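Peer 1: First the structure, which I've put down as structure tokens, then a few questions once you've had a look.
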Amino acid sequence: MTVVLISRAESAATWAAEIRGQDPELDLRVWPDETRDLDPAAVDFVIAAKPPPGAIAAYPNVKAVLSLWAGVDHITSDPEFPAHLPIARMVEEGLTRGMREFVVAQALNAHLKMPEYIRQQNERVWRPEIRGPHGTEPLVDEVTVGILGLGVLGSDCAAALRDFGFQVAGWAKSRKRMDGVDCYAGDAERAAMLARTDILVNLLPRTAETENVLNAGLFAELPEGAYLINVGRGEHLVEEDLIAALESGRLAGATLDVFRTEPLPQDHPFWAHPKITVTPHVASITRVKTGVARLVSAIRAFERGETPEGVVDPEKGY
Ligand code: NDP
């Protein structure tokens, strides 16, 4: 079985070594150096991380594409991507646990007003009471985290935040049931969740429906002074609407991990904005060992004619 790994990341060699170690029977070729003398018709599967346009379409007999990442927009945004091909997105414990750590940390940072204390430190200001009058500072059970997207990552973060003591609400397309998490479904129920959200976490996939979802209209539905954590995709956020919401005080601050252009351009206003924390798309990363175990078992499942977990529904686009 021939598998091509198309990744423009520097870590491609590390991934290849781990794949060969975990499944020596796969004929793994790293694109482009090891595929030059390969018959394109012989390729059965492609593992991809941001493949260049047309790279997957060059292999006419591919049975499925496996994404190195949870999101698949880096594959489906290729205009030449063959629409009929099944895509398995990345679902693996390391990625899920990494996102849990990042989201809980950022929610706590927002709750504890850490970005404001860091700003104060930079200005040598000693002003303790920004969390409320001394002795009345809220604890987590007085704070609601609302999560857009209750999929693999969103539901795991919801459970972790709940277990830490936050009030937690979550929104998805379909109705979910989770102990201790108030679940809202569909467009009709979105406003009800936003109205009670102090800290909003975006964990939606990027689709035609969700692009630009973080806009002035949505910000207006949040309580004054809410905090935004965007770990979904840069295309979810209308950047100028965020700046306006921060400047008017509608939003108190934002942690942004994903951007329309990555790396974030040097002259971008987000870098120096006093109410924005920028992280370089590091909220969570697929871990090599657990990620490869997932890739290998998904390839073997496809080979047996089974559908592994996390195959994208072409109708929904995620
Ligand atoms: P899933 O596919 O498991 O979950 C997606 C969730 O979003 C589902 O609950 C789904 O609802 C909901 N959803 C999708 N479209 C809509 C809509 N139009 N209205 C309401 N709800 C909607 O994805 P994951 O949890 O695995 O990943 C989510 C995203 O996180 C990825 O697509 C990626 O963009 C991002 N990500 C970011 C990383 C980072 O480092 N910053 C790392 C990994 C992922 P339903 O369940 O009803 O279908």
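Peer 1: For the range 147-162, how many residues are more than 7 Å from the ligand (Cβ to nearest atom), within 11 Å of V103 (Cα to Cα) and either β-branched (V, I, T) or open to solvent by 10 Å² or more (accessible area, probe 1.4 Å) (or both)?
Peer 2: Residues flagged as more than 7 Å from the ligand (Cβ to nearest atom), within 11 Å of V103 (Cα to Cα) and either β-branched (V, I, T) or open to solvent by 10 Å² or more (accessible area, probe 1.4 Å) (or both) within the range 147-162 amount to 3.
Peer 1: Please enumerate the residues belonging to the range 2-20 that are in contact (Cβ under 8 Å) with a residue 40 or more places away in the chain and in a helix (DSSP H, G or I).
Peer 2: T14, W15, E18, I19
Peer 1: Let me ask another. Quick one: N61 ticks every box in (1) among the polar types (S, T, N, Q); (2) within 16 Å of the ligand (Cβ to nearest atom); (3) farther than 30 Å from P133 by Cα bar one, so which box is it?
Peer 2: Only one criterion in (1) among the polar types (S, T, N, Q); (2) within 16 Å of the ligand (Cβ to nearest atom); (3) farther than 30 Å from P133 by Cα is unmet by N61, namely (2).
Peer 1: To continue, here is another question. Just give me the residues in the range 116-138 being part of a loop (DSSP other than H, G, I, E, B) and under 33 Å from the mean Cα position of the chain (by Cα), in sequence order.
Peer 2: Residues satisfying the conditions are G132, E137, P138.
Peer 1: Within the range 48-70, is there a residue that is in a loop (DSSP other than H, G, I, E, B), more than 11 Å from I6 (Cβ to Cβ) and within 21 Å of the chain's Cα centre (by Cα)?
Peer 2: Checked against the condition, which is being in a loop (DSSP other than H, G, I, E, B), more than 11 Å from I6 (Cβ to Cβ) and within 21 Å of the chain's Cα centre (by Cα), the range 48-70 yields at least one hit.
Peer 1: Another question, then. When the residues of the range 214-242 are filtered to those that are in contact with a helix residue (DSSP H, G or I) (Cβ under 6 Å, 6 or more places away or on another chain) and crowded, with 21+ Cβ neighbours inside 10 Å, which remaining residue is nearest to Y318 (Cα to Cα)?
Peer 2: So, considering only residues that are in contact with a helix residue (DSSP H, G or I) (Cβ under 6 Å, 6 or more places away or on another chain) and crowded, with 21+ Cβ neighbours inside 10 Å, the one nearest to Y318 (Cα to Cα) is L214.
Peer 1: Identify, please: which residue in the range 251-300 is assigned to a helix (DSSP H, G or I) and open to solvent by less than 10 Å² (accessible area, probe 1.4 Å) and is, among those, farthest from the ligand (Cβ to nearest atom)?
Peer 2: I299
Peer 1: Oh, and also: Filter the range 113-139 down to the residues that are of a type in the set (A, V, I, L, M) and under 19 Å from L246 (Cβ atoms) and list them by number. Outline the logic, then answer.
Peer 2: Narrowing the range 113-139 to residues of a type in the set (A, V, I, L, M): 114, 118, 125, 130, 139.
Matches in the range 113-139: M114, I118, I130.
Peer 1: May I ask you to list pairs of residues, at least six apart or on different chains, whose Cβ atoms are under 6 Å apart, with the first in the range 101-114 being without any contact (Cβ under 8 Å) to a residue 24 or more places away in the chain and the second being more than 16 Å from the ligand (Cβ to nearest atom)?
Peer 2: Listed pairs, sorted by first residue: K113/I130; K113/R131.
Peer 1: Search the range 75-95 for residues being open to solvent by 20 Å² or more (accessible area, probe 1.4 Å) and assigned to a helix (DSSP H, G or I), and hand back the single one that is farthest from R233 (Cα to Cα).
Peer 2: The qualifying residue farthest from R233 (Cα to Cα) is E93.
Peer 1: Select from the range 115-146 the residues that are open to solvent by 40 Å² or more (accessible area, probe 1.4 Å) and touching a residue at least 40 places away in the same chain (Cβ under 8 Å) and list them in ascending order.
Peer 2: Those that are open to solvent by 40 Å² or more (accessible area, probe 1.4 Å) and touching a residue at least 40 places away in the same chain (Cβ under 8 Å): E116, R119.
Peer 1: Which one is farthest from the ligand (Cβ to nearest atom) among residues in the range 163-206 that are in contact with a helix residue (DSSP H, G or I) (Cβ under 8 Å, 6 or more places away or on another chain), more than 20 Å from G71 (Cα to Cα) and in a strand (DSSP E or B)?
Peer 2: Q167
Peer 1: Just checking, which of P53, P60, P24, P32 is free of Cβ contacts under 8 Å to residues at least 40 places away in the same chain, loosely packed, with under 14 Cβ neighbours inside 10 Å and closer than 20 Å to R294 by Cα?
Peer 2: Details: P53 fails: closer than 20 Å to R294 by Cα; P60 fails: closer than 20 Å to R294 by Cα; P32 fails: closer than 20 Å to R294 by Cα.
Of the residues listed, the single one that is free of Cβ contacts under 8 Å to residues at least 40 places away in the same chain, loosely packed, with under 14 Cβ neighbours inside 10 Å and closer than 20 Å to R294 by Cα is P24.
The values are calculated or read from the model by the stated rules, or taken from the named source; none is laboratory data. Not measured: the values here are computed from a predicted model. For neighbour counting, all protein chains shown are included, and Cβ atoms are generated from backbone atoms with ideal geometry for every residue, glycine included. Just the protein is used for accessible areas: all its heavy atoms, side chains included, with ligands, DNA and RNA removed. Shrake-Rupley method; radii C 1.70, N 1.55, O 1.52, S 1.80 Å.
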